[in-house]
């Protein structure tokens with residue numbers, strides 16, 4: 001399991017939110033299930049993780065948490081409604097995790 005930044009990001013400025021939404025929202029909206037979402041994000045250099053009960057988008061090269069789903073208008077709750085609860089492998093500290101394989 002990869003470790004990523006261990007804190008939630010602050011709300012990005014409006015320009016950053018706009019850029020993140022334009023790139024990430026189509027991926028989130030077109031995903032068919034958790035597996036498909038993870039695969040598409042991986043192809044684009046990102047991963048999906050969970051931190052303190054929030055879904056976060058992580059830049060794979062740097063392991064930097066870019067934003068939460070809520071920051072870009074797609075909270076975890078909306079994906080759970082579409083796909084069901086994700087199967088999460090919890091990291092050692094218990095406050096973070098990532099999608100199970």
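Nothing in this text is a laboratory measurement; each read-out follows from the coordinates by a stated rule. Quick caveat, the model's predicted, so the values are computed rather than measured.
Mind checking the full-extension length gain between residue 59 and residue 43? Use 0.36 nm per residue of separation minus the Cα-Cα distance, one decimal, nm.
Working: separation 16, 0.36 × 16 = 5.76 nm, distance 1.15 nm.
Extra length available between residue 59 and residue 43 comes to 4.6 nm.
Explain nothing, just the number: relative contact order of the stretch 14-99, from Cα pairs under 8 Å at least 6 residues apart, as a whole percent. Show your work: numbers first, answer last.
Numbers: 103 pairs, mean separation 22.0, N = 86.
Relative CO of the stretch 14-99 lands at 26 percent.
As a check on your grasp of the helix formula, calculate [θ] at 222 nm for the chain: sum -39500 (n - 2.57) over DSSP H runs of n ≥ 4, divide by the residue count, round to the nearest 500. Present the calculation step by step, with values, prior to reporting the outcome.
Working: 3 runs with 35 residues, N = 101.
Counting only the DSSP helices, I get -10500 deg cm²/dmol.
Quick one: grab the alpha carbon gyration tensor of the chain, order the square roots of its eigenvalues as a ≥ b ≥ c, and give me rounded if a/c is under 1.5, else prolate or oblate depending on whether a/b is larger than b/c.
Here the chain falls in the rounded category.
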